[in-house]
Every structure is written in C-alpha cells, then in structure tokens.
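The values are calculated or read from the model by the stated rules, or taken from the named source; none is laboratory data. Computed from a prediction, not measured in an experiment: that's the story for all the values here. We place every Cβ from the backbone using ideal geometry, glycine too, and count neighbours over all the protein chains shown.
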Amino acid sequence: MSTFSESASTALSLITSFDAGLWTIVGRSLAVSATACVIACGLGLMLGAWLAVARFAGRDAVLTVLNTLLALPSVVVGLLVYLLLSRTGPLGFLGWMFSFKAMVLAQVVLVVPVVTALTRQTVEDAERAHGEQLRSLGARTGLRGLLLAWDERYALLTVLIASFGRAISEVGAVMIVGGNIDGFTRVMTTAIALETSKGDLPLALALGLILLAVVLLLNALISGLRRWRERLDGGTVGLSPALAA
C-alpha cells in the first residue's frame with residue numbers, strides 16, 4: 001500500500017472515530033475565526049457603509065489604502081500584531097501574546113479590510129441606483145448608508161461568509177502570534193504545517209480534508225444565497241419594499 005493510501009485511510013479513520021485531538025483543533029479553529037469575524041464584520045460593515053455614501057477630502061486616498069490592505073500578507077499582519085502585543089509593545093501590558101485573544105486580534109486586523117472594501121462597493125452600487133431618491137426624502141449620510149446596507153443585506157451575507165473563509169484558511173498571522181502551542185493555540189492551518197514537517201501525514205491530511213470541507217460549505221452557502229437573492233429580487237427595479245416604506 002502506498003504512503004498516500006495509508007495516510008488517506010488513517011486520516012478517514014481519525015475523522016470518523018472522532019479523534020479527540022483532531023476535533024479539539026477543529027473546534028478551536030472554528031471558535032477563533034468565528035469570534036474574529038463577528039468583531040471584524042461589526043466594524044467593517046459600519047465603516048464600509050459609511051465610506052460608500054460619505055464624501056470628504058482625501059476619500060480617494062483612503063479607498064486606495066483600503067484596497068491595498070486587501071492584499072496585505074497574513075505574515076505581515078502577524079508581525080504587526082506581534083510588535084503590538086510583545087512585552088515592549090504598546091499593548092504588551094495586556095499579556096495576550098501566544099493566546100486565543102492574540103489570534104482573534106490578528107484575524108480581526110486581517111478581515112476588517114476585506115469586509116469594509118466589499119461592503120463599501122456593494123452599498124456604493126446601491127447608492128448610485130437609489131441614493132438620489134433617499135436624499136430627496138431627507139435621509140442624511142449615516143441614515144442613507146444604514147438603509148442601503150439593510151436593502152443589500154442578502155448580498156452582504158455573502159461578504160460575511162467570505163470573510164469567515166478568509167479567516168479560517170490563513171496560517172501566517174496565527175502562527176506568529178499564537179505560537180502553535182499544542183492544546184492551547186494550535187489551529188487547523190498551523191497544525192497542518194507542523195504535522196507535515198514532522199511527517200505525521202495522516203493527521204495533516206485529516207485536518208486538510210476538514211478544512212477543505214469547511215471551505216466548500218462556505219462556497220455552497222454563498223452560491224445558495226445568491227440564487228435566493230435573485231429569486232427574491234424577481235427582476236424588480238427600484239428600492240425594495242422594506243426600504244421604500
């Protein structure tokens with residue numbers, strides 16, 4: 001039997017037998033990314049909706065920086081958060097280094113630009129279509145952004161799902177600030193990297209299969225939401241009934 005076949009067989013056995021070590025890592029990964037996404041989406045949705053409707057000096061420069069942050073490597077984010085949380089850093093007094101909180105913070109920093117940029121684009125497209133109507137009704141900047149974001153809530157749900165996928169699949173930032181400590185800060189991506197380097201291919205493959213399944217599920221949800229939104233829209237033009245009311 002080949003090494004691949006042996007590893008695949010053992011990996012499937014680890015998954016189906018609900019190996020405690022394996023599923024502890026999976027659970028921690030989901031907890032870190034879910035917590036980070038809740039925080040990042042709260043910040044990113046508000047900031048993105050405001051940027052979509054606000055007009056101020058230097059807005060183009062802000063958007064350029066925001067779009068640049070979309071391509072920010074996760075290892076750079078990890079380095080920046082490490083410098084902030086290290087003993088000599090400005091946030092060193094928190095004592096978060098190599099902890100769950102440090103990994104959450106790193107993923108928040110990584111995901112906020114994604115949520116903000118995608119929300120800004122979605123709401124700005126809606127602003128072009130319906131902004132004049134809302135302005136004629138006396139809606140100011142903040143309220144206009146809120147109403148348009150609510151009107152585009154189904155599209156924004158896909159943004160939230162995509163942001164979770166971005167968080168759970170990254171490795172560099174959580175590796176740097178979490179330390180990949182067994183039983184404490186080891187998540188799927190860091191465990192895959194470590195176990196592969198150690199030659200423990202079955203565990204790495206089992207984690208890889210679960211991570212792939214999570215990503216496939218997220219993409220299926222996004223596709224389903226898009227089809228649902230198309231059916232709800234029904235080809236109508238103008239504000240949705242909720243917003244028009």
Margin query: If I filter the stretch 66-80 for residues that are over 22 Å from ALA117 (Cα atoms) and surrounded by fewer than 16 Cβ atoms within 10 Å (Cβ to Cβ), do I get at least one hit?
Written below: no
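Every residue, every condition in (1) of a type in the set (Gly, Ala, Ser); (2) buried (at least 22 other Cβ atoms within 10 Å of the Cβ); (3) out of contact with any Phe, Trp or Tyr (no Cβ under 6 Å at 6 or more places or on another chain); (4) in a helix (DSSP H, G or I), yes or no:
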{"position": "GLU170", "(1), (2), (3), (4)": "no, yes, yes, no"}
{"position": "MET175", "(1), (2), (3), (4)": "no, yes, yes, yes"}
{"position": "ARG186", "(1), (2), (3), (4)": "no, yes, yes, no"}
{"position": "ALA206", "(1), (2), (3), (4)": "yes, yes, yes, yes"}
{"position": "LEU209", "(1), (2), (3), (4)": "no, no, yes, yes"}
{"position": "LEU216", "(1), (2), (3), (4)": "no, no, yes, yes"}
Checklist line | Index of the failed condition, MET97 passing every other in (1) assigned to a loop (DSSP other than H, G, I, E, B); (2) without any contact (Cβ under 8 Å) to a residue 40 or more places away in the chain; (3) over 14 Å from the mean Cα position of the chain (by Cα) | finding: (2)
Notebook entry, point to check: Can ILE222 be described as over 23 Å from LEU22 (Cα atoms), assigned to a helix (DSSP H, G or I) and modelled with pLDDT of 80 or more?
Noted result: yes
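Among the residues of the stretch 42-56, are any in a loop (DSSP other than H, G, I, E, B), surrounded by fewer than 18 Cβ atoms within 10 Å (Cβ to Cβ) and not charged (D, E, K, R)?
Within the stretch 42-56, the subset in a loop (DSSP other than H, G, I, E, B) is 54-56.
With surrounded by fewer than 18 Cβ atoms within 10 Å (Cβ to Cβ) added as a condition, the list becomes 54-56.
Narrowing further to those that are not charged (D, E, K, R): 54, 56.
For the stretch 42-56, residues in a loop (DSSP other than H, G, I, E, B), surrounded by fewer than 18 Cβ atoms within 10 Å (Cβ to Cβ) and not charged (D, E, K, R): present.
Being farther than 30 Å from TRP150 by Cβ and at pLDDT below 90 narrows it down to one residue among ALA8, ALA20, ALA52, ALA71; which is it?
Of the residues listed, the single one that is farther than 30 Å from TRP150 by Cβ and at pLDDT below 90 is ALA8.
In the list THR88, THR119, which residue meets the criterion of being free of Cβ contacts under 8 Å to residues at least 40 places away in the same chain and of a type in the set (Val, Ile, Thr)?
Values: THR119 fails: free of Cβ contacts under 8 Å to residues at least 40 places away in the same chain.
Just one listed residue meets the conditions, THR88.
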Notebook entry, point to check: For the stretch 82-130, how many residues meet the condition of being charged (D, E, K, R) and either farther than 29 Å from LEU148 by Cα or crowded, with 21+ Cβ neighbours inside 10 Å (or both)?
Noted result: 3
Check: Taking the stretch 1-23 on its own, how many of its residues are among the hydroxyl-bearing types (Ser, Thr, Tyr) and under 14 Å from ILE192 (Cα atoms)?
Finding: 1
Next item on the list: Evaluate the stretch 72-84: report whether one residue or more is free of Cβ contacts under 8 Å to residues at least 40 places away in the same chain and among the polar types (S, T, N, Q).
Entry: no
